Structures are given as structure tokens and as C-alpha cells.
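Single-structure report; data block below.
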Amino acid sequence: MRLKPGRPDLGAYARYFDLPPAGPSAPLTVSWAGVTTLLVDDGDSAVMTDGFFSRPGLLSVAARPLASSRARIDAALGRLNVRRLDAVTPVHTHYDHALDSAEVARRTGARLIGGQSTAHIGRGHGLDLVEVVTPGRAVAAGNFDITLVEGAHCPPDRFPGPVTAPVVPPARASAYRCGEAWSTLVRHRPTGRTLLVVGSAGFVPGALADARADVVYLGVALLGLQPERYLVDYWTETVRTVGAARVVLIHWDDFFRPLHKPLRALPFAADDLDVSMRILGRLAGEDGVGLHLPTLWQPADPWS
């Protein structure tokens with residue numbers, strides 16, 4: 001942990017908040033709702049990663065067992081205009097990803113999709129529609145094919161290892177162990193458009209060698225604390241490997257702050273977004289790849 005005070009100034013990156021908004025005729029949209037929560041929607045069918053909306057404060061996380069805030073979940077689903085989902089899939093099972101996943105699935109009639117750790121969380125929340133996937137094998141969810149590819153959590157992982165028993169809320173943050181960390185490939189069958197979500201700034205060398213994606217939503221939490229070589233390898237194993245033309249950076253926001261307040265970056269003690277922006281910006285320029293930051297709640301068309 002660094003002792004550097006303060007946090008990065010998002011105003012310095014205002015020009016990156018330029019992801020094309022979706023027009024009325026866009027066949028597919030992606031809406032970001034903080035951390036690595038993404039809604040992928042074609043108007044008829046929709047899937048969501050994580051669904052983390054409760055965002056309890058730091059003192060609550062440190063001192064008390066955690067439970068979902070139904071009021072915050074309902075408010076967020078309302079902002080996203082979500083009534084039904086075909087699937088909810090957490091990128092891994094730390095609380096800042098999976099705390100609300102089962103409750104969001106329950107409220108939207110979705111299947112909760114993931115590994116054994118995700119299944120334990122779903123069953124601990126009393127959810128019946130839980131599907132354990134085979135890594136690398138696509139599963140259909142509405143108009144989408146979802147493929148979970150083995151990934152890794154960016155070091156350090158405060159709560160490593162699998163979830164080995166049902167997590168019944170309220171539960172401590174430590175109960176939400178990392179579990180399986182995924183790179184999530186989403187393919188929209190009607191258009192053939194593809195999207196890769198890398199929720200953790202980690203990678204397994206060669207895991208995505210056979211994958212292709214037009215757009216990558218790339219998690220950067222903890223990335224700015226790593227040596228430069230790590231950032232280059234991360235970019236190479238994800239963006240360069242899948243041949244993406246556009247990258248959207250996610251998981252940079254302070255997730256102890258509720259979504260009804262203006263977003264701010266994680267403090268320097270936890271991450272350094274300035275480092276990530278400098279190095280990834282250089283790599284994107286070298287590769288001719290568009291680099292963006294998402295706008296909260298806004299349906300975007302990253303394929304346009």
C-alpha cells in the first residue's frame with residue numbers, strides 16, 4: 001500500500017469520456033454502472049456482468065457483515081431501465097463484484113452463471129437458477145453466447161482462493177473469496193458483434209489465444225501499482241491477443257462511494273490511475289486502438 005495522499009483528478013482525463021452514445025437505431029448497447037457492472041442489451045434480450053449496486057462504505061466493509069441494499073439495487077435497475085435479464089455473471093466472487101449478483105438475478109428472472117464459487121454464493125442467497133459453466137465453452141443466454149475463459153486476479157488478492165460453502169447474507173467481506181476469475185466473452189448472435197470483459201487486471205498467459213473481440217472493457221483496479229512490464233504484458237495478453245479496435249477502461253472508480261454521488265477515482269493508497277492512463281495510453285497509440293472511459297448509466301455503442 002502506498003502512502004501517497006489524495007487521488008487522481010478525473011478532470012485530467014475528460015477527453016477520454018467520449019465513448020459514442022447509442023443512437024435510437026443501435027442494434028446493441030453497453031451501459032456501465034460502476035466497477036465492472038455492464039449491461040449488454042439489444043432491446044429484446046440482455047445480460048449483465050456483476051450487478052454490484054449496493055456499494056457499502058469502507059467502515060461498513062471493515063466492521064460489519066454485508067448484505068445487499070434492495071433500495072440501491074432497485075434504483076440502479078430503474079436507471080438502467082432493466083426489468084428482465086437473461087443472465088447475470090460475476091467476473092469473480094469478491095464482494096465488490098458478487099455481493100448483489102444473486103439478488104439482481106432474482107429480481108430480473110436471470111440465470112446466475114459462473115463457476116463453483118458463484119454457485120455457492122447463489123445458493124447461499126436461496127437462488128435456484130444457478131448454472132456452473134465449463135471454462136471455454138459458450139452458453140446461450142437469450143440472444144447472446146457467453147464464454148468464460150480462465151483469468152487471474154491482479155496482485156495482491158486480499159481474499160484469495162475459492163468459495164467452498166454457501167455464503168448466506170449478511171456475511172463478512174472475507175467470505176466473498178475471489179473464486180474463479182474470468183475473462184468474459186460475449187457474442188451477440190444476431191449481429192455477430194463481440195465484447196470481452198476483463199474484470200480483474202490479471203491474465204493467464206495464452207488463455208485468450210483463440211478468442212477474438214471487437215471491443216474490450218478492461219479492468220484496471222490495482223494496475224497502476226504494478227511494474228510497467230506487467231501493464232505491457234496485460235495489454236498484450238488481452239487487447240492485442242483478441243485484436244480489439246476499441247478499449248474501455250473500467251474498475252477505476254471508488255466503489256465505497258454510492259452511485260448517487262459523483263464518481264471519483266480510487267485513492268492513490270489503493271491504485272494509481274495516472275500510471276495506468278499514461279502507459280495504456282501510450283500502448284493504445286502505438287497500436288492504433290481507441291482508448292476510452294465510460295460515462296455512468298449512458299447506453300453506448302462501442303462498435304460504431
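The values are calculated or read from the model by the stated rules, or taken from the named source; none is laboratory data. These figures come from a predicted structure and were not determined experimentally. Cβ placement follows ideal geometry from the backbone for every residue including glycine, while neighbour counts extend to all protein chains displayed.
Is it fair to say R72 is basic (K, R), on the phi < 0 side of the Ramachandran plot and in contact (Cβ under 8 Å) with a residue 40 or more places away in the chain?
Yes.
What do you reckon, is L10 under 13 Å from L293 (Cβ atoms), of a type in the set (A, V, I, L, M) and buried (at least 17 other Cβ atoms within 10 Å of the Cβ)? Yes, satisfied.
Looking only at segment 210-218, decide whether some residue is touching a residue at least 24 places away in the same chain (Cβ under 8 Å), within 24 Å of A269 (Cα to Cα) and in a loop (DSSP other than H, G, I, E, B). Scanning segment 210-218 turns up no residue that is touching a residue at least 24 places away in the same chain (Cβ under 8 Å), within 24 Å of A269 (Cα to Cα) and in a loop (DSSP other than H, G, I, E, B).
Okay, residues lined up against (1) more than 29 Å from T29 (Cβ to Cβ); (2) at pLDDT 95 or above; (3) of a type outside the set (V, I, T); (4) out of contact with any Pro (no Cβ under 6 Å at 6 or more places or on another chain):
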{"site": "D233", "(1), (2), (3), (4)": "yes, yes, yes, yes"}
{"site": "T238", "(1), (2), (3), (4)": "no, yes, no, yes"}
{"site": "V242", "(1), (2), (3), (4)": "no, yes, no, yes"}
{"site": "V247", "(1), (2), (3), (4)": "no, yes, no, yes"}
{"site": "H260", "(1), (2), (3), (4)": "no, yes, yes, yes"}
{"site": "D272", "(1), (2), (3), (4)": "yes, yes, yes, yes"}
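Quick check: is even one residue across segment 45-56 surrounded by 20 or more Cβ atoms within 10 Å (Cβ to Cβ), under 18 Å from P170 (Cα atoms) and of a type in the set (G, A, S)? Yes, that holds for at least one residue.
Tallying residues that are surrounded by 20 or more Cβ atoms within 10 Å (Cβ to Cβ), part of a loop (DSSP other than H, G, I, E, B) and not aromatic (F, W, Y) within segment 153-177 yields 5. The set of residues in segment 265-300 being over 17 Å from the mean Cα position of the chain (by Cα) and in a loop (DSSP other than H, G, I, E, B) consists of P267, F268, A269, A270, D272, G288, V289. When restricted to residues that are farther than 23 Å from N81 by Cα, of a type in the set (S, T, Y) and either buried (at least 17 other Cβ atoms within 10 Å of the Cβ) or in contact with a Ser or Thr (Cβ under 6 Å, 6 or more places away or on another chain) (or both), segment 108-152 contains 3.
Residues checked against (1) without any contact (Cβ under 8 Å) to a residue 24 or more places away in the chain; (2) more than 24 Å from A46 (Cα to Cα); (3) in contact with a Gly (Cβ under 6 Å, 6 or more places away or on another chain):
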residue: A207; (1), (2), (3): no, yes, no
residue: Y234; (1), (2), (3): no, yes, no
residue: H251; (1), (2), (3): no, no, yes
residue: D254; (1), (2), (3): no, yes, no
residue: K261; (1), (2), (3): yes, yes, no
residue: V275; (1), (2), (3): no, yes, yes
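Is it fair to say L223 is closer than 25 Å to L80 by Cβ, buried (at least 20 other Cβ atoms within 10 Å of the Cβ), among the hydrophobic types (A, V, I, L, M, F, W, C) and in contact with a Ser or Thr (Cβ under 7 Å, 6 or more places away or on another chain)? Spelling it out, it is not the case that L223 is closer than 25 Å to L80 by Cβ, buried (at least 20 other Cβ atoms within 10 Å of the Cβ), among the hydrophobic types (A, V, I, L, M, F, W, C) and in contact with a Ser or Thr (Cβ under 7 Å, 6 or more places away or on another chain). Tell me which residues, restricted to segment 127-152, are of a type outside the set (K, R), at pLDDT 95 or above and assigned to a loop (DSSP other than H, G, I, E, B). The answer is L127, V133, T134, P135, G136, A138, G142, N143, G151, A152.
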